[in-house]
Amino acid sequence: MYKILEARELAANIYLMEVEASRIAKRCEPGQFLIVRTDDEGERIPLTICDYDRGKGTVTIVFQIVGAGTQRMAKLRAGDYFQDFVGPLGCASEFVSEPLEELKKKNILFVAGGVGTAPVYPQVKWLKEKGVDADVIIGAKTKELLILEKEMEAAAGNLYVTTDDGSYGRSGMVTQTIKDLVDEGKHYDVCVAIGPMIMMKFVCKMTKELGIPTVVSLNPIMVDGTGMCGACRVTVDGEVKFACVDGPEFDGHKVDFDQAMRRQQMYKTAEGRAALKEEEGDTHHGGCGNCN
Ligand code: NAD
Ligand code: FES
């Protein structure tokens, strides 16, 4: 059992929880994720790690209510427990294993969309701790939905906030700010974009035009998180990959976003899963228990 030390609402339907999980805190790196379950009845929910404190033995998660499972999670309070808190899963961000001297020469741009700001934070913080200042764009629909602005301000070299409705910061979507920054004379060697799939698709379209290599973190539907069930199947550079073990980070210019978004929708129903089983043949796996 994993005790919740802090639970608070960051914005409407978006919650932060700090959880006692010393083994994960000791081993996790930026970019990795975990799978949580409230109790026997709860569904398995994959969440990218938002922060960790190796000394305290805690891991921080941020989630948005999107269904019954996350609704159940949102009811938990400090002092309550998660039954399962499994991780760290997936591969760490590539820069973690890059020589620091090389990393320090790079101009890195992070693009965080909505709840995707949470998984961007530990990456920017890790770089800051190593002496690398990155530029960060955070996009939210409105001022009220903006999260972790103060934390990001402390970790980023330069922070640019955008809101779709212009209620705070720059007006418009993150893609507009990427273009504006480049037009203003900024040069970036690499972009890391994390947020809704549609945002990552359009950020990649923009950065491809601008010639900026781009990494994205995919969060398709996951069940086991260990490469067995096939739920998180994505196509990258024409090859079948499983986001939970091969990712979650991939070269964004090679991801088939349209297929990933279509699959995300189809996987929700038994009929859709049956259709995917036909389409995907051997690579479907089918071990998720939903589609035999
Ligand atoms: P949102 O819909 O509020 O979008 C956030 C920002 O993304 C917007 O403010 C905008 O700047 C940008 N954006 C959205 N659509 C765009 C487009 N078509 N072109 C260019 N920019 C665009 O975000 P939200 O409601 O917080 O998103 C929730 C989704 O994010 C969920 O589906 C969740 O699964 C996903 N998510 C992904 C990750 C991840 O690791 N990739 C992490 C957390 C959440
Ligand atoms: Fe990736 Fe099951 S969640 S294969």
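The values are calculated or read from the model by the stated rules, or taken from the named source; none is laboratory data. Note that the structure is a prediction, hence the values are computed from the model and not measured. Neighbour counts are summed over all protein chains in view; Cβ atoms, including those assigned to glycine, are modelled from backbone coordinates with ideal geometry.
So the values come out like this:
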quantity: Single residue of 61, 24 found to be in contact (Cβ under 8 Å) with a residue 12 or more places away in the chain, touching a Gly at 6+ places or on another chain (Cβ under 7 Å) and outside any loop (DSSP other than H, G, I, E, B); calculated: 24
quantity: Inter-residue pairs, beta-carbon under 9 Å, first free of Cβ contacts under 8 Å to residues at least 24 places away in the same chain and in the range 124-145, second assigned to a helix (DSSP H, G or I), 6+ apart; calculated: 129/155
quantity: Selection status of residue 189, closer than 23 Å to residue 259 by Cα, of a type outside the set (A, V, I, L, M) and touching a Lys or Arg at 6+ places or on another chain (Cβ under 6 Å); calculated: no
quantity: Filtered residues of the range 30-57 (kept if farther than 15 Å from residue 118 by Cβ and at pLDDT 95 or above); calculated: 53, 54, 55, 56, 57
quantity: Residue within the range 166-181 that is within 12 Å of ligand 1 (Cβ to nearest atom), touching a residue at least 12 places away in the same chain (Cβ under 8 Å) and closer than 18 Å to residue 32 by Cα present; calculated: no
quantity: Members of the range 29-49 that are crowded, with 20+ Cβ neighbours inside 10 Å, over 16 Å from residue 84 (Cβ atoms) and not small (Gly, Ala, Ser); calculated: 30, 32, 48
quantity: Among the residues listed as 226, 235, 269, the single one being away from ligand 1 (no atom under 16 Å from the Cβ), of a type outside the set (Asp, Glu) and without any contact (Cβ under 8 Å) to a residue 12 or more places away in the chain; calculated: 269
quantity: Residue count, the range 35-51 (criterion: touching a strand residue (DSSP E or B) at 6+ places or on another chain (Cβ under 8 Å) and more than 17 Å from residue 66 (Cα to Cα)); calculated: 3
quantity: Whichever residue in the range 182-196 is crowded, with 18+ Cβ neighbours inside 10 Å and within 9 Å of ligand 1 (Cβ to nearest atom) and, among such residues, is nearest to residue 114 (Cα to Cα); calculated: 195
quantity: Selection from the range 83-116 of residues that are of a type in the set (S, T, N, Q) and either within 18 Å of residue 245 (Cα to Cα) or within 16 Å of ligand 1 (Cβ to nearest atom) (or both); calculated: 93, 97
quantity: Members of the range 89-105 that are surrounded by 15 or more Cβ atoms within 10 Å (Cβ to Cβ) and either over 17 Å from the mean Cα position of the chain (by Cα) or farther than 30 Å from residue 207 by Cα (or both); calculated: 103
quantity: Checklist (1) under 22 Å from residue 207 (Cβ atoms); (2) crowded, with 19+ Cβ neighbours inside 10 Å; (3) more than 16 Å from the chain's Cα centre (by Cα) applied to residue 118, failing item; calculated: (3)
